[in-house]
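Heads up: the structure comes next, in structure tokens.
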Protein chains: 2
Amino acid sequence: MLDRLPIPIVQAPMVGASTFEMALAVSQAGGLGSFGAGAMAPVDIEAEVRRFRAASDAPFGVNLFVLEPANPSQDEVEAAIDRLRPWYERVGAEPPAPPNDFAPDFRAQFAALLRAAPPLASFTFGLIPPDQVNALKAAGTYVVGTATTVAEARAWAEVGADAISAQGAEAGGHRGTFLASADESLIGTFALVGGIRQAIDLPVIAAGGIMDGRGVAAALALGAVAAQMGTAFLLADQSGASATWQKALQAAGDDPTRLTRALTGRYARGVENRFMATMRPVEAQVPAYPVQNRLTQPLRVAAAKAGDPDVLSLWAGQGVKQAGPGDAGDLVKRWWAEAQTVSRALAARTSSE
Amino acid sequence: MLDRLPIPIVQAPMVGASTFEMALAVSQAGGLGSFGAGAMAPVDIEAEVRRFRAASDAPFGVNLFVLEPANPSQDEVEAAIDRLRPWYERVGAEPPAPPNDFAPDFRAQFAALLRAAPPLASFTFGLIPPDQVNALKAAGTYVVGTATTVAEARAWAEVGADAISAQGAEAGGHRGTFLASADESLIGTFALVGGIRQAIDLPVIAAGGIMDGRGVAAALALGAVAAQMGTAFLLADQSGASATWQKALQAAGDDPTRLTRALTGRYARGVENRFMATMRPVEAQVPAYPVQNRLTQPLRVAAAKAGDPDVLSLWAGQGVKQAGPGDAGDLVKRWWAEAQTVSRALAARTSSE
């Protein structure tokens, strides 16, 4: 599947930043566009897949968050709301009443995904069981599991995944980690791709720190079947990242990203802002995703409206300073042309000795 | 200098693991051998450089730790010894009396280095001032600064370094970090090489997670002038790593490395053992390098003698499971042959679309 892509570049599914238009542009350029469907209602997943198929015959992917239903105690939710109270005030948002639900139900999302049967489905935050993998395969869907460690790649191989998306420590946004702790699961892309290739015999998509055609060529040299790029698309014409988010990325200094648990209850990488820095001492105490994510939603919505980067999630990978603007399809073609040039130069250089 | 190497592979300087024989084998194979001279007496630095020159005309490098003289309070040293008391007992070593000196004097080491004037000198743990850089250059020595962040690479460019050794978060052994905190300076090799190349106009040596010819090709594709490999040499015939250390690396499970400050007072990456795990809760309190390093020396010597991996420093990078045995010179040639094959295949693949 992935080895038949005209251009072995996968656009990373990014909830809040990837868009229908971005996925379509990337797939039509010859790469693989993706939907970050983790926060989508089941009915919308089916609708988006239909809409894509109506627009293009090209392959594409849909990504889901593997989540158990959240069932926090009322005390935990109230404590979390109290902890956020100064931030609600700061952005002029009403603190929410303890919500009844925190995220779309994964089982319903999965059922919708299975009915929609996109060419590729990828999963993060957890593992799905073999019967779900097999059901997707029977529906003609290629199944990709996200791994941040070699152990997680083995787990995906055991449930029958077709390929592994190796999420290196450089990557922006949520960590897909589901076995060990987040800080024990920060393997750089170089070591992770090599380690997974050594451990299991499945195609590997390299993700994390890949920002241009040089990175694409490097990922393929490492033995990856494709390079997955997310941060590199954040400033694209089709990016769903808010103007405030984009401005903050462009204004960031050297080495600007950090991991935080404070914004959503799951470790994620972004440009550090005041919220992340201030919440750091208490971030271990916030309720797990999706609870904290639901409770900070009013903050992030208000901050985006007000253009306040201090309270926004500014997800980005470690390569963020290398991101540039452009049409997403043109970026894919440009990176691939650069990867071709670099590959030819590399072959010439290594054979001239 | 680096772009004239027959094989663009730099053997990482590794105190305790790289040896004269390893450096010689790597340089004679066409790569660049290195001395980890951070713990060497000045007179030994000059002797080793003379000895190398007597054995080979090939270029080589010498690495120093940039350190201020340690001046801990007696209370701090005694508290550190008390903290280690159960470990001294465990290995049957006498707790040391508070030592008078903790490491070779950097100024004396630097003076010896300048007199020896090796083809290449590299520095880690800190920055040297422009007059020292210029003195080395005037002596014909190529000056390389280690950077774990883009900001550190800029600092080295400002003092006039000839090239940057970009130490990605994957790398084993001590972090070279000298500006921000260790946990804010864990940039993966993909993002770090690209970020430094974007920020400054100096040759970049890529280090961290490079374990074979695929990794070498990937590093060059990213735009590095050479690939630096350390962990990949730990099981080589010429490795100075003890049998216990080597056995522990080979026995390690998936994703086995962690960062620790407990062994030396400076964050370093190794396969986690009992000492690292047990000391984790108090590792922030141990005195900074070289004090803690000096105090754990009797432990590590006794543990190596007793073949006890639980109290040894098992330095290794995240790619450690990909390390294999062999003559260091043969490994260099094999990796380069593989890099050539991979590069040709990549050029063929990318041009066939």
Fraction of antiparallel bridges per DSSP, chain A only, in percent to nearest 5 | 20 percent
How much of the accessible area of region B:90-172, probe 1.4 Å, is carbon plus sulfur, in whole percent?
-> 51 percent
Rounded to whole Hz, the Karplus (6.51, -1.76, 1.60) HN-Hα couplings of region A:222-227, x for glycine and proline = 5, x, 6, 7, 7, 10
Over the heavy atoms of residue B:51, what accessible area does a 1.4 Å probe trace out, to the nearest 10 Å²?
-> 110 Å²
At residue B:131, with labels set 7 Å past Cα in the Cβ direction, how many nm apart are the copies from this one, shortest first?
-> 7.7
Measure out, as a whole number of angstrom, how far apart the alpha-carbon centroids of region A:191-266 and region B:166-240 sit.
-> 18 Å
Which distances in nm, rounded to one decimal and ordered from shortest, link the label point of residue B:68 to the equivalent label points in the other identical copies, with labels set 7 Å from Cα toward Cβ?
-> 4.9
Per residue accessible area of region B:79-178, 1.4 Å probe, in Å² | 35 Å²
Which lysines does residue A:247 reach when only Cα atoms under 21 Å apart count, and residues fewer than 8 places away in its own chain are ignored?
-> A:305, A:321
At 7 Å out from Cα toward Cβ: residue B:99 inter-copy label distances (nm, ascending) | 5.6
Shielded by partner chains, region B:195-241 residues - at least 20 Å² of accessible area, 1.4 Å probe, vs chain alone | B:197, B:198, B:209, B:214, B:218, B:220, B:221, B:222
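The values are calculated or read from the model by the stated rules, or taken from the named source; none is laboratory data. All values derive from a computational prediction rather than experimental measurement. All Cβ positions, glycine included, derive from the backbone under ideal geometry; neighbour counts span all protein chains shown. Surface areas here come from the heavy atoms of the whole protein model, side chains and all, with no ligands, DNA or RNA. Shrake-Rupley method; radii C 1.70, N 1.55, O 1.52, S 1.80 Å.
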